[in-house]
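Colleague: Structure incoming, see below.
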Amino acid sequence: MPEQNKRRGIYLLPNLLTTAGLFSGFYAIVASMNGDFQLAAIAIFVAMVFDGLDGRVARLTNTQSEFGAEYDSMADIVSFGIAPALVAYNWALHDVGKLGWLAAFIFVAGGALRLARFNAAHATADKRYFQGLAIPSAAAIVAGLVWVGAKYEIDPESVSFVVVLFTIACGLLMVSNFKYHSFKDVDWRGNVNFLVLLLVVLIFVVVATAPAIVLFVLFTVYAVSGPVMTIKGVNKLKLEHILGDPQDEPTSQKESEQESKQESEEKDDNKKEKQD
């Protein structure tokens, strides 16, 4: 009985960080409703920081749980799905009428589907890559676009269709089959050259000079890297490389597995023939 109660308990620290991320996403919605779009966009990036911390803290402190994983997904759809869509809608999308709220809905639906697919295939997926653009990265693009526009006082009406394009594109990239580097195979505990540390310092300096523009450009480049990497990795681009059943693996991977299976079967046959 004591062991069962311990398993069913809710760990405070990782879920506290998840709650902080959820609060940041909710605050972004409230700030956008009050017309403070810079603060709303910044709140979404703050939510990204908490989202990156809660899972790592849970692993480091051995406080992972099914409740924490489900709670994190619920918080993500608010902070990185609903919040950026509403922030973009309140800033510029409402100027184009029905197309605006449809674009916002495509983003929210794409984020929800992305999270559902990630949770369903998490145990069997290749940890080195994401299938489709991760929802925090998509939220960073939309929030970064709003941040740039609000900071430099760009007229929302003049860029409303650009915001529509970015919002729909991010929503579709989240449900695509494009491969994105997850950076989970990076050894953060290993030794690095001193120049790497200087490069990290330089990155912080560059981000600090113009955070709105730099973050928006960085995440946009990351979003473009998925289609580029996928197209370069296949001999012939097919529909399943772009969209398809999330349970289906890319054709090139299937073919390589079939070839390796055939090779192993041929080796077994050759061994049997030699024995005979």
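The values are calculated or read from the model by the stated rules, or taken from the named source; none is laboratory data. Fair warning: this is a prediction, and the values are worked out from it, not measured in the lab. Methodologically, a virtual Cβ is constructed for each residue, glycine included, from the backbone with ideal geometry; neighbour enumeration extends over all protein chains shown.
Colleague: Name the residue, out of A116, A109, that is modelled with pLDDT of 95 or more and under 15 Å from the mean Cα position of the chain (by Cα).
Modeller: On the way: A116 fails: modelled with pLDDT of 95 or more.
The match here is A109.
Colleague: Identify the single condition in (1) touching a residue at least 60 places away in the same chain (Cβ under 8 Å); (2) in a helix (DSSP H, G or I) that L133 does not satisfy, given that it satisfies every other one.
Modeller: Of (1) touching a residue at least 60 places away in the same chain (Cβ under 8 Å); (2) in a helix (DSSP H, G or I), only one is false for L133: (2).
Colleague: Which one is nearest to L145 (Cα to Cα), of the residues in segment 32-42 that are in contact (Cβ under 8 Å) with a residue 24 or more places away in the chain and hydrophobic (A, V, I, L, M, F, W, C)?
Modeller: Checking each candidate, the answer is A41.
Colleague: Another question about this same structure. Return the residue satisfying two criteria in turn: it lies in segment 77-106 and is of a type in the set (G, A, S) and either under 19 Å from L39 (Cβ atoms) or more than 18 Å from the chain's Cα centre (by Cα) (or both), and of such residues it is surrounded by the most Cβ atoms within 10 Å (Cβ to Cβ).
Modeller: The first filter runs over segment 77-106 and keeps only residues of a type in the set (G, A, S), leaving 79, 81, 83, 85, 88, 92, 97, 100, 103-104.
From what's left, either under 19 Å from L39 (Cβ atoms) or more than 18 Å from the chain's Cα centre (by Cα) (or both): 79, 83, 85, 88, 92, 97, 100, 103.
Details: S79: 30, A83: 30, A85: 27, A88: 32, A92: 27, G97: 10, G100: 20, A103: 25.
Ranking the qualifying residues of segment 77-106, first place goes to A88.
Colleague: Run down K179, K151, K236 and say which single residue is in the same structural domain as R114 (by TED's automatic domain parsing), among the charged types (D, E, K, R) and exposed (fewer than 12 other Cβ atoms within 10 Å of the Cβ).
Modeller: K236
Colleague: Which residues, taken from segment 107-119, are surrounded by 17 or more Cβ atoms within 10 Å (Cβ to Cβ) and not aliphatic (A, V, I, L, M)?
Modeller: F107, G110, G111, R114, R117, F118
Colleague: Right, next: Mind checking which pairs have a first residue in segment 149-171 that is of a type in the set (D, E) and a second that is modelled with pLDDT under 95 and surrounded by 18 or more Cβ atoms within 10 Å (Cβ to Cβ), Cβ under 9 Å, 6 or more apart or different chains?
Modeller: Short answer, once both residue conditions are applied: E157/D95.
Colleague: Also, quick follow-up: Which condition from (1) of a type in the set (A, V, I, L, M, F, W, C); (2) in a helix (DSSP H, G or I); (3) crowded, with 22+ Cβ neighbours inside 10 Å is the one that V207 breaks?
Modeller: Status for V207: all satisfied but (3).
Colleague: Taking segment 163-186, which residues are of a type in the set (F, W, Y) and at pLDDT below 95?
Modeller: Residues satisfying the conditions are F178, Y180, F183.
Colleague: Could you pull out the residue among L173, L145, L165, L197 that is assigned to a helix (DSSP H, G or I), assigned by TED's automatic domain parsing to the domain that holds S225 and exposed (fewer than 11 other Cβ atoms within 10 Å of the Cβ)?
Modeller: L197
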